[in-house]
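Read the structure below first, then the notes.
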Amino acid sequence: MSIIFKYVHVPRSDGTLRHAPFIPISVLNRFGKKMEFIALLDSGADTTVVPKDFAEFLGLKEDKVEIDTGGIGGSAKARKSRLNFKIVGNRERYSLSVPCLVIQDRNADLPILLGRHGFFEQFHITIKQDQEKIYLKKIQSKKKY
Amino acid sequence: MAINHILPSNVDFSMYLGEWVVVCDNKVVAHNRHLNKIEEDIKKCKRVPTIAKIPKKDTLIF
């Protein structure tokens, strides 16, 4: 069984809409309240990347050592952490714990990016651009990341 | 199979560029550039809120 999500339409500054494969991740904040955040599926990213204020909001523990990370969008200082969340469908829910990088620049204009490591190994992911749908089918595996 | 719609399609999010937006019961109940400033609004949501960062720039690829 697959969990199907419809694309999210995110506005651009010029008034047009970007149709992109965002999916909801279910998390608990540092006080234990359940909420959903919208995260962009990013097959080009090795690792999940999150903004600093999101990490603080959830109470994520960050490494003391700052590292340089980068990609096409530029480079940034980051600290390693781990993000626990659930993917919830109508009849299925899956708990995941993936490594992530917390971008230290508080002014970085960054959504939550779900990268490959720890996430893409867990699901068969099909993106149907013409239908604006994302299919997640859980891979039954005992491998941990 | 059921399709999960994540954000309501009838809400215009273009006025929230660069902000965190909290959606509860298909309505925007709070928005701010800083996530910690909408924490109280999130606490007040009776249902599970959906929170999205609406990016300012067109593209940001890591």
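The values are calculated or read from the model by the stated rules, or taken from the named source; none is laboratory data. This structure is a prediction, so every number in the text was calculated from the model and none was measured. With ideal geometry, Cβ positions are generated from the backbone for all residues, glycine too; neighbour counts draw on all protein chains shown.
How many residues does region A:87-110 contain that are within 11 Å of the chain's Cα centre (by Cα) and within 15 Å of residue A:5 (Cβ to Cβ)? Going through region A:87-110 one residue at a time, the tally reaches 1.
The requirement of being more than 18 Å from residue A:3 (Cβ to Cβ) and within 15 Å of the chain's Cα centre (by Cα) is fulfilled nowhere in region A:128-142; no residue meets it. Where strands (runs of 3 or more DSSP E) sit wholly within region A:45-145, those with at least 3 residues that are modelled with pLDDT of 90 or more, within 25 Å of residue A:11 (Cα to Cα) and within 10 Å of chain B (Cβ to nearest Cβ) occupy A:48-51, A:133-138. Is there a residue being under 17 Å from residue A:54 (Cα atoms), touching a helix residue (DSSP H, G or I) at 6+ places or on another chain (Cβ under 8 Å), β-branched (Val, Ile, Thr) and in contact (Cβ under 8 Å) with a residue 24 or more places away in the chain anywhere in region B:23-45? Within region B:23-45, none of the residues are under 17 Å from residue A:54 (Cα atoms), touching a helix residue (DSSP H, G or I) at 6+ places or on another chain (Cβ under 8 Å), β-branched (Val, Ile, Thr) and in contact (Cβ under 8 Å) with a residue 24 or more places away in the chain.
Is one or more of the residues making up region B:13-36 at pLDDT below 85 and aromatic (Phe, Trp, Tyr)? Looking through region B:13-36, at least one residue is at pLDDT below 85 and aromatic (Phe, Trp, Tyr). For region A:1-44, the set of residues classified as surrounded by 14 or more Cβ atoms within 10 Å (Cβ to Cβ), of a type in the set (Asp, Glu) and assigned to a loop (DSSP other than H, G, I, E, B) consists of A:42 only.
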